[in-house]
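Single-structure report; data block below.
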Amino acid sequence: MYSVGSKIVHPFYGAGTIVRIQEKSLGELTNQYYVIDTVPGPRELRVMVPVKNAAKVGLREVGDAESLRAMLASASKPPEERDVVHDFRKRRTMVTECLKSGSFSQVVDAVRMLYFMSTERTLSMTDRALLDQGKEILASELALSAGADLNEAMIWIEADLGSMAQGEA
């Protein structure tokens with residue numbers, strides 16, 4: 001069980017801080033909920049997750065900044081050709097699953113592939129939206145773990161991705 005002030009990652013909404021644990025009643029049923037404020041930014045939200053379903057939802061603690069930066073550094077290397085999914089439907093399914101996984105490393109892999117593809121051709125609107133969503137998820141956890149703001153974390157991500165593009169030239 002997490003406590004108020006815990007820094008956590010929601011697999012779909014990104015990183016946030018538990019601001020309170022609240023009881024809500026519906027009829028005779030009373031449940032406790034984590035009330036989570038996501039990292040301030042363009043998609044800042046307040047999310048409520050039932051305490052008893054936290055593991056099922058995939059809540060986890062924020063990783064340490066050093067480990068996250070090391071994983072992010074892998075984004076500066078282009079993916080292997082076998083790791084690039086060219087079929088649109090398969091790619092959309094795979095990337096969506098990676099983003100929903102809550103795993104920083106899986107989100108890095110999905111973002112790296114989409115960014116790499118964007119250096120070769122213009123992405124579809126769906127791919128572009130998935131790339132942006134992935135970068136936001138990464139930036140939220142990185143910002144929370146490093147005590148930085150979302151914009152600063154996004155600059156780190158763009159720098160690592162940009163170095164991949166420069167290496168390709």
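Values in this text are rule-based calculations from the coordinates and carry no lab data. Every value quoted in this text rests on a predicted model; they were computed, and no experiment measured them. Quick reminder, even Gly has a Cβ in these numbers, built from the backbone with ideal geometry, and neighbours come from all protein chains shown.
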List, largest first, the extents of the alpha carbons of the range 7-61 along their principal axes, each in whole Å. 37, 19, 15
Largest-first semi-axes in Å of the equivalent ellipsoid built from the Cα gyration tensor of the range 31-122 are 29, 16, 13
Using a 10 angstrom cutoff on alpha carbons, build the Gaussian network for the chain and name the most mobile of VAL108, VAL47, VAL62. VAL47
What are the membrane-span-like helices in the chain by this rule: whole DSSP H runs, Cα extent along the axis at least 15 Å, mean Kyte-Doolittle hydropathy at least -1.0? 88-101, 104-120, 125-146, 150-168
Give the lysines whose C-alpha is closer than 21 Å to that of LYS77, dropping any in the same chain fewer than 8 places away, or say none. LYS135
Restricting to Cα pairs below 8 Å that are 6+ residues apart, what does the relative contact order work out to for the range 105-169? Please round to a whole percent. 32 percent
Roughly how many whole Å is it from the C-alpha centroid of the range 22-78 to that of the range 92-136? 20 Å
Scan [x] 114; [y] 123; [z] 203 for the value of volume of the Cα convex hull per residue in Å³ calculated from this model and give just the label. [y]
Prolate/oblate/rounded call for the range 73-137, Cα gyration tensor, a/c under 1.5 rounded: rounded
Run lengths n ≥ 4 of DSSP H only: what is the helix-derived mean residue ellipticity at 222 nm for the chain, with -39500 (n - 2.57) per run over all residues, to the nearest 500? -16500 deg cm²/dmol
Given unit charges at Cβ for Lys, Arg (+) and Asp, Glu (-), the dipole magnitude of the range 130-169 about its Cα centre in debye, nearest 20, is 40 debye
